[in-house]
1. Yes or no: LEU9 of a type in the set (A, V, I, L, M, F, W, C) and exposed (fewer than 14 other Cβ atoms within 10 Å of the Cβ)?
2. Among TYR54, TYR34, which is away from the ligand (no atom under 13 Å from the Cβ) and part of a loop (DSSP other than H, G, I, E, B)?
3. Of everything in segment 170-191 that's free of Cβ contacts under 8 Å to residues at least 24 places away in the same chain and open to solvent by less than 100 Å² (accessible area, probe 1.4 Å), which residue is farthest from ILE30 (Cα to Cα)?
4. Among residues belonging to segment 59-81 that are within 15 Å of the ligand (Cβ to nearest atom) and not in a helix (DSSP H, G or I), point out the one that is surrounded by the most Cβ atoms within 10 Å (Cβ to Cβ).
5. Looking at LEU14, is it without any contact (Cβ under 8 Å) to a residue 60 or more places away in the chain and not polar (S, T, N, Q)?
6. Determine which single condition GLU91 fails, assuming it passes every other condition in (1) part of a strand (DSSP E or B); (2) crowded, with 18+ Cβ neighbours inside 10 Å.
7. Given (1) more than 13 Å from the ligand (Cβ to nearest atom); (2) touching a Phe, Trp or Tyr at 6+ places or on another chain (Cβ under 8 Å), identify the lone condition not met by LEU110.
8. Looking only at residues that are away from the ligand (no atom under 11 Å from the Cβ), open to solvent by 70 Å² or more (accessible area, probe 1.4 Å) and hydrophobic (A, V, I, L, M, F, W, C) in segment 115-169, which one is nearest to LEU38 (Cα to Cα)?
Amino acid sequence: MRFDIISVLPDLLLSPFAHSILQRAQKKGIAEIYVHNLREYATNKQKSVDDYPYGGGSGMVMTIPPFAACIEKLKAEREYDEIIFMSPDGERLNQAIANQLSIKGNIIILCGHYKGIDQRIRDIYVTREISIGDYVLSGGELPAAVLVDAVVRLIPGVLSDETSALSDSFQDDMLDAPVYTRPADWNGYRVPDILLSGNTPEIEKWRFEQALERTKTRRPDLLE
Ligand code: SAH
């Protein structure tokens, strides 16, 4: 799977993909993640990527030409399944969307800044708009990193224990059960006996009950 992220601050995206599971996925060749510097596609002398909003008002708006040039260049090289714009007014990211995207081949992600991007970029190029939650961030880079992380860890072969993504929260519209590790007794705080019993069917049953209870109390909406 290949991601091409278009950003005016590409350095913001260096670290999130350079560690742990995302780094391993790239080393294994399961995921390719490229970050393109939008400014390199600016054609004017000042290399500007934003301009004043028509109609007045505060905040700058990102212009069409640099995005168009970068998207057209990428599209000439390969076909893309989705061109996603990270935006607070998009559909809210959830595990179902991450699952859908994890079986795609090539995805372009556009990161906005300032007041946002010229609406015509969205009308002409964008196939999907995704928000990571009901709050506003300064740019689309952190949202893009969140999206890529959520998607890449679902691609088969990325997690060493493949079933572990399946038992994560939200996969069955349920939260995950609590987890424990050594020591079994820490200053009198003990791990539930059942987890030390070695009785796998009973442990599975306990985990299911715990997950259900947690979902009922914390996120009853998931069970509806
Ligand atoms: N004026 C816009 C917000 C612009 S914030 C509005 O009110 O909708 C600047 C950029 O940050 C956005 O274009 C988008 O790419 C990104 N961004 C901010 N919050 C986000 C969120 N919750 N989810 C996804 N992207 C977000």
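1. Values: of a type in the set (A, V, I, L, M, F, W, C): yes; exposed (fewer than 14 other Cβ atoms within 10 Å of the Cβ): no.
For LEU9, the condition - of a type in the set (A, V, I, L, M, F, W, C) and exposed (fewer than 14 other Cβ atoms within 10 Å of the Cβ) - is not met.
2. Values: TYR34 fails: part of a loop (DSSP other than H, G, I, E, B).
From the options TYR54, TYR34, the qualifying one is TYR54.
3. Of the residues in segment 170-191, the ones free of Cβ contacts under 8 Å to residues at least 24 places away in the same chain are 172, 179-191.
From the residues that got through so far, the ones that are open to solvent by less than 100 Å² (accessible area, probe 1.4 Å) too are 183-185, 188, 191.
Values: PRO183: 36, ALA184: 37, ASP185: 40, GLY188: 45, VAL191: 37 Å.
Restricting to residues being free of Cβ contacts under 8 Å to residues at least 24 places away in the same chain and open to solvent by less than 100 Å² (accessible area, probe 1.4 Å), the top hit is GLY188.
4. This residue is MET62.
5. Values: without any contact (Cβ under 8 Å) to a residue 60 or more places away in the chain: yes; not polar (S, T, N, Q): yes.
Here the answer is yes, as LEU14 does meet what is asked.
6. (2)
7. All conditions are met except number (1).
8. Residue satisfying both the conditions and the ranking: ILE124.
The values are calculated or read from the model by the stated rules, or taken from the named source; none is laboratory data. For clarity, every value in this text was computed on a predicted model and none was experimentally measured. Counting neighbours? That spans all protein chains shown, and the Cβs are built from the backbone with ideal geometry, glycine included. The area values use the complete protein model at the heavy-atom level, side chains included, leaving out ligands, DNA and RNA. Shrake-Rupley method; radii C 1.70, N 1.55, O 1.52, S 1.80 Å.
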